[in-house]
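Coordinate-derived values only; no laboratory data. No experiment lies behind these values; they were computed from the predicted model shown. All Cβ positions, even for glycine, are placed from backbone atoms using ideal geometry, and neighbour counts span all protein chains on display.
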Amino acid sequence: MSDGRILMGVVGRPHGVRGLLHVHSYAAVPADLAAYGVLSDERGDCWTLRWRGEGIAELSDATGKTVKDREAAAALVNRRLYVERDRLPEPDEDEFYLSDLIGLAVVERAPDGEQAIGSVLAVHDYGAGPSLEIGQGGRSIILPFTRACVPEVEIASGRIVVVMPDEIEVPDDASLEPASGHAVPLP
């Protein structure tokens with residue numbers, strides 16, 4: 001984790017004309033997002049959230065001024081809402097926050113032992129489940145964060161063990177065009 005914050009929600013589209021917004025909470029219990037108090041966004045602005053209905057919230061800035069109209073609400077769409085890591089409960093021994101994976105060493109489990117392949121650069125989630133971006137030496141691959149591909153996560157040891165799917169082939173040549181000049185199909 002690079003800056004000590006954990007993404008806990010995203011501001012969605014406006015709801016009505018009085019400044020209310022849809023907010024997508026990533027808290028285990030979505031309603032708990034408001035209990036964290038002051039949330040910050042990627043711009044450094046601070047916000048307080050009050051739920052006004054299921055998934056509908058009123059946002060107030062650092063001065064306590066609430067978002068008053070639809071136009072002001074629309075300007076906040078897609079703002080990411082963060083909580084300082086130290087304000088979150090510590091995970092249980094066998095649990096972790098996805099951001100804890102960033103920077104961990106990645107070793108590949110192979111028939112002949114383990115081989116270092118890089119480190120976790122980022123954790124992505126575009127709606128189909130998290131994936132890990134693993135990189136080393138200017139190259140990176142993305143693996144689904146599933147038990148099949150990532151059977152072991154050892155936060156205390158600072159590493160994760162991966163099993164590369166058979167479909168992933170990393171060419172020695174960085175070129176994406178084969179000698180015939182035809183496009184290479186994506187896996």
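See the values below:
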read-out	value
Gain on full stretching of the segment that runs from residue 163 to residue 17 - 0.36 nm per residue minus C-alpha separation	47.5 nm
Compactness index (Cα Rg / 2.2 N^0.38 Å), the range 1-85	0.99
Where only alpha carbons of the range 98-162 are counted, the Rg and the Dmax (Å)	11.1, 35
Alpha carbon convex hull of the chain, projected area averaged over orientations, nm²	14.5
Simple spin-label estimate for residue 26 and residue 61 in nanometres, 7 Å along Cα-Cβ	2.5
For the range 36-51, 3J(HN,Hα) per residue [Karplus equation, 6.51 cos²θ - 1.76 cosθ + 1.60, θ = phi - 60°, Hz, x = Gly/Pro]	6, x, 6, 10, 10, 10, 5, 8, x, 6, 10, 9, 10, 10, 10, 6
